[in-house]
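A.B. asks: So that we are looking at the same thing, I have put the structure below in structure tokens.
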């Protein structure tokens, strides 16, 4: 899962390459440009039945991530190499991060 409904909301903008300017501006954008996603987001937020909420959440995540692919299957693992909303302000040594990850999952490399 992403980190919840708000995470899906923010991921929509990150996956689409649209700068994040806060919740209010994001809602205004969706009202003008993608009312279908906004309606799906609101339906998911309002749902009280947990099973139905998860179904709506899965569909919403699929919509949000569509520009870059689809959600990974259950049981998948990933490494996040920094804040995707930092706009390139962080410098990350990708090779160092990959080596660290390998040490975590492959004890024989320690």
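A.B. asks: Is there any pair linking a residue in the range 42-54 that is modelled with pLDDT of 95 or more to one that is part of a helix (DSSP H, G or I) and loosely packed, with under 10 Cβ neighbours inside 10 Å, with Cβ under 7 Å and at least six apart or on different chains, and which?
C.D. replies: none
A.B. asks: Could you list, in sequence order, all residues of the range 19-39 that are under 17 Å from residue 62 (Cα atoms) and surrounded by 12 or more Cβ atoms within 10 Å (Cβ to Cβ)?
C.D. replies: 30, 34, 37, 38
The values are calculated or read from the model by the stated rules, or taken from the named source; none is laboratory data. From a predicted model like this one, the values you see are computed outputs, not experimental measurements. Every residue, glycine among them, receives a Cβ derived from its backbone with ideal geometry; neighbour counts consider all protein chains shown.
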